[in-house]
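The values are calculated or read from the model by the stated rules, or taken from the named source; none is laboratory data. As the structure is a prediction and not an experimental result, all values here were calculated from the model. Please note: Cβ atoms are built from the backbone with ideal geometry, for glycine as well, and neighbour counts cover all protein chains shown. In case anyone asks, the SASA skips ligands and DNA or RNA and just uses the protein heavy atoms, side chains included. Shrake-Rupley method; radii C 1.70, N 1.55, O 1.52, S 1.80 Å.
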Amino acid sequence: MAEDLRGKVIALFDVDGTLTPARLQASPEMMETLKKLRTKITIGVVGGSDLEKQKEQLGSNVLDLVDYSFPENGLMAFHNGKQFHAQSFKDYLGEDRLKEFINFTLHYIADLDIPKKRGTFIEFRMGMLNVSPIGRNCSHEERNEFEKYDKEHGVRAKMVKVLEEKFGDKFNLKFSIGGQISFDVFPKGWDKTYALQHVSQFTEIHFFGDKTMPGGNDYEIYTSPKVTHPHHVNSPADTLRLLNEIWLSK
């Protein structure tokens, strides 16, 4: 039965807040659970971060841990440890438009009055830009402080609104708030649903994510009609509970 299910059923997981606490490593319990789950169904991870960050959180052998790995929303795609797809944000946008967007964004952050700023305000990735008002070089404590401040003052939501109005239609860009300190910028259609083209052969597609509200970076894939079983989770503990209920306790 397990062999039959592996060919028919796939479970895709967001990383931050779903498999791991934000930007931290997965627990030994989570790693062991994923190994057990993989004997029953096909599993994959789909996240906005690059492969190196997936390795930091899920282990250097992440490509061996799962059947499919989709860093950067599947713009880079791996199956059984081998890359089979890549797409470039830089090639899509072009240098002139990319420079215009980056210049405007850095000016906006320079004028932003928030309690703390650190460094790496824009991280350039293969398939997107990641923008952080506080800067990705902040400490874990500062990350938590900004998340709390952002919930009260809507720093990221306000910034996204400005960028959407200026560049959304002009450059065909979409903006997605995720994690604690940043948001992603990518061409429309290059959200996490992009990864679904690589798993269309499965008749049952499950997705587990925490940022499933409108504007969250799991929203598009969570609401996609291609995902037959969407699951909202509030934490990695919630994910473990669901996995045991659906597959592992049977």
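Observations, loosely collected:
- Mean residue ellipticity (222 nm) of the chain, computed from DSSP H runs ≥ 4 via -39,500 (n - 2.57), nearest 500: -9500 deg cm²/dmol
- Projecting the Cα positions of MET126, PHE183, GLY215 onto the charge dipole of region 126-250 (unit charges on Cβ atoms of Lys, Arg, Asp and Glu, taken about the Cα centre) puts MET126 furthest along the positive direction.
- Residues considered: ILE221, ILE43, ILE102. Largest GNM mean-square fluctuation over the chain, using C-alpha springs under 10 Å, is found at ILE102.
- Whether region 127-250 is rounded, prolate or oblate, judged on the alpha carbon gyration tensor where a/c under 1.5 counts as rounded: oblate
- Each label was represented as a point 7 Å from its Cα along the Cα-to-Cβ direction; for ASN234 and HIS140 these points are 2.3 nm apart.
- Apolar share of the accessible surface for the chain: 50 percent from carbon plus sulfur atoms, 1.4 Å probe.
- Extending 7 Å from the Cα toward the beta-carbon at both GLU165 and GLU52 defines two label points whose distance is 3.6 nm.
- DSSP beta bridge pairing in region 158-248, given as percent antiparallel to the nearest 5: 55 percent
- Part-to-part distance (alpha-carbon centres) for region 27-51 and region 54-101, which is given in Å: 17 Å
- Solvent exposure of region 151-250 amounts to 45 Å² per residue of accessible area, where only protein heavy atoms count and the probe is 1.4 Å.
- Point-to-point label distance, LYS250-SER60, nm (Cα→Cβ direction, 7 Å offset): 3.7 nm
- Couplings 3J(HN,Hα) of region 227-232, computed from phi: 8, 6, 9, x, 10, 8 Hz, in residue order, whole Hz [Karplus 6.51 cos²θ - 1.76 cosθ + 1.60, θ = phi - 60°; x for Gly and Pro].
- For region 59-66, the Karplus equation 6.51 cos²θ - 1.76 cosθ + 1.60, evaluated at θ = phi - 60°, returns couplings of x, 5, 9, 4, 5, 8, 6, 10 Hz by residue, with Gly and Pro reported as x.
- J(HN,Hα) series, region 174-181, from Karplus relation 6.51 cos²θ - 1.76 cosθ + 1.60, nearest Hz, glycine and proline x: 10, 10, 9, 7, x, x, 9, 10
- Taking 17 Å as the cut-off, the amide N atoms of region 147-173 that come nearer than this to a point 7 Å along the Cα-to-beta-carbon line of ASP111 belong to 155-167.
- DSSP beta bridges in the chain [antiparallel fraction, %, rounded to 5]: 50 percent
- The simple Förster model, with R0 at 41 Å and r as the Cβ-Cβ distance, assigns LYS151 and GLU95 a FRET efficiency of 0.70.
- Computed from point charges on the beta carbon alone (+1 for Lys and Arg, -1 for Asp and Glu), the dipole magnitude for the chain about its Cα centre is near 180 Debye.
- Which labelled figure in (1) 1.37; (2) 0.97; (3) 1.08 is Rg/Rh (Cα atoms, Kirkwood Rh), once derived from the coordinates: (2)
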